[in-house]
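A short write-up of the structure that comes next.
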Amino acid sequence: MTLAVMAALTALTAGATARQARPKAPTEATAPRDAGEPIMAIVSIKTQQVTIYDADGWILRAPVSTGT
């Protein structure tokens, strides 16, 4: 009986894990305008992305690896 309960719980847990959405692969993006002089770069540890800004807004977004 215990074995049957453990097998059922394992199957439910595996199904829930398989249904979780996987994050999109990071991509690089550039602004649809000519860039000025870069003045700031912000690295997001949560999204593993760097965004570089000039005086008019962001000019480049690219994936980075910050480690754990």
Seminar exercise, completed: All-but-one check, residue 61 against (1) modelled with pLDDT of 85 or more; (2) assigned to a loop (DSSP other than H, G, I, E, B); (3) of a type in the set (D, E, K, R), failing number (2)
Exercise. If you check residue 29 against the conditions, is it surrounded by 10 or more Cβ atoms within 10 Å (Cβ to Cβ), modelled with pLDDT of 75 or more and of a type in the set (A, V, I, L, M, F, W, C)?
Worked result: yes
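The values are calculated or read from the model by the stated rules, or taken from the named source; none is laboratory data. Note that this is a predicted model, so its numbers are computed, not measured. Note: ideal-geometry Cβ built from the backbone for every residue, glycine included; neighbour counts use all protein chains shown.
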